[in-house]
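The values are calculated or read from the model by the stated rules, or taken from the named source; none is laboratory data. Note that this is a predicted model, so its numbers are computed, not measured. A quick note on method: Cβ atoms are made from the backbone with ideal geometry, for glycine too, and the neighbour counts reach across all protein chains shown. What goes into the accessible areas is simple: the full protein's heavy atoms, side chains included, and nothing from ligands, DNA or RNA. Shrake-Rupley method; radii C 1.70, N 1.55, O 1.52, S 1.80 Å.
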Amino acid sequence: GAGVSQSPSNKVTEKGKDVELRCDPISGHTALYWYRQSLGQGLEFLIYFQGNSAPDKSGLPSDRFSAERTGGSVSTLTIQRTQQEDSAVYLCASSLAGGDRNIQYFGAGTRLSVL
Amino acid sequence: DAKTTQPPSMDCAEGRAANLPCNHSTISGNEYVYWYRQIHSQGPQYIIHGLKNNETNEMASLIITEDRKSSTLILPHATLRDTAVYYCIVRVASGNTGKLIFGQGTTLQVKP
């Protein structure tokens, strides 16, 4: 079956512009996660959705970052007034449910470059 | 969260077994050990996970010590396509979101 799909695969934007990154999880997966991987850094958690609710937003680095999920499926990560330090690969993962017993499946990521 | 310690890099000859160690001395009794890998320019890929018993699947074997303070991921016949960063992750048990906390991992280089 189809895996986690992310779009666009690459995004180049100018400093100060807003960007939207999209994630289509595996059908039937209720849990959705966003992670970020900066150059030379490890993967860091951003936000977790269970259905359309986000019970854990603890990883969002600033109020310029927000995310939503509609219909328990597609999620959008929005970065407002982008800064150069926002340049990174943004990864989305989904699993059947939240918690520590469910395998997370990752998309290929969106590479964001802020000029 | 329980922390893990992995060597930063390892080499392995193609066709030989790759044994990747991980220390997790502060693991709690109900916390699982998960292994993921990330091939260059791809998203992380799930490999295997376990609690107490050794596990095997089509990709790898996971050996967990009796005291659960360390584990070893075994790729029985490494190929060039197994070159990747391998992450050992201890997942916090119930009452949490299931988010993955990645360390720096081990960069495995499989050489011809």
Matching residues, the range A:73-85, being open to solvent by less than 40 Å² (accessible area, probe 1.4 Å) and either under 21 Å from B:L100 (Cα atoms) or touching a His at 6+ places or on another chain (Cβ under 8 Å) (or both): A:V74, A:S75, A:T76, A:L77
Is it true that some residue in the range A:2-17 is surrounded by 18 or more Cβ atoms within 10 Å (Cβ to Cβ), within 18 Å of A:E85 (Cβ to Cβ) and under 11 Å from the mean Cα position of the chain (by Cα)? no
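For (1) in contact with a strand residue (DSSP E or B) (Cβ under 6 Å, 6 or more places away or on another chain); (2) of a type in the set (V, I, T), each residue gets a yes or a no:
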| position | (1), (2) |
| --- | --- |
| B:N57 | yes, no |
| B:S61 | yes, no |
| B:D67 | no, no |
| B:T72 | yes, yes |
| B:T79 | no, yes |
| B:T83 | yes, yes |
| B:Y86 | yes, no |
| B:I89 | yes, yes |
| B:V110 | yes, yes |
Can you tell me which residue among B:S9, B:S28 is under 22 Å from B:K99 (Cβ atoms), surrounded by fewer than 19 Cβ atoms within 10 Å (Cβ to Cβ) and of a type in the set (G, A, S)? B:S28
Is it the case, given these coordinates, that B:N30 is more than 24 Å from A:R36 (Cβ to Cβ), within 12 Å of chain A (Cβ to nearest Cβ) and touching a residue at least 60 places away in the same chain (Cβ under 8 Å)? yes
Filtered residues of the range A:89-113 (kept if open to solvent by less than 10 Å² (accessible area, probe 1.4 Å), more than 7 Å from chain B (Cβ to nearest Cβ) and of a type outside the set (S, T, Y)): A:C92, A:A93, A:L112
Filtering the range B:36-63 down to residues that are open to solvent by less than 10 Å² (accessible area, probe 1.4 Å) and away from every other protein chain (no Cβ under 11 Å), which residue is nearest to B:V110 (Cα to Cα)? B:A60
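Here's the yes/no breakdown for (1) touching a Leu at 6+ places or on another chain (Cβ under 9 Å); (2) surrounded by 18 or more Cβ atoms within 10 Å (Cβ to Cβ); (3) among the hydroxyl-bearing types (S, T, Y):
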| position | (1), (2), (3) |
| --- | --- |
| A:S27 | no, no, yes |
| A:L32 | no, yes, no |
| A:Y35 | yes, yes, yes |
| A:S38 | no, no, yes |
| A:Q41 | no, no, no |
| A:P55 | no, no, no |
| A:G59 | yes, no, no |
| A:D63 | no, no, no |
| A:E68 | yes, no, no |
Could you please tell me which pairs satisfy a Cβ distance under 9 Å, a separation of 6+ or placement on different chains, a first residue in the range B:43-58 that is among the β-branched types (V, I, T), and a second residue that is part of a loop (DSSP other than H, G, I, E, B)? B:I47/B:N57; B:I47/B:M59; B:I47/B:A60; B:I48/B:N57; B:I48/B:M59; B:I48/B:A60
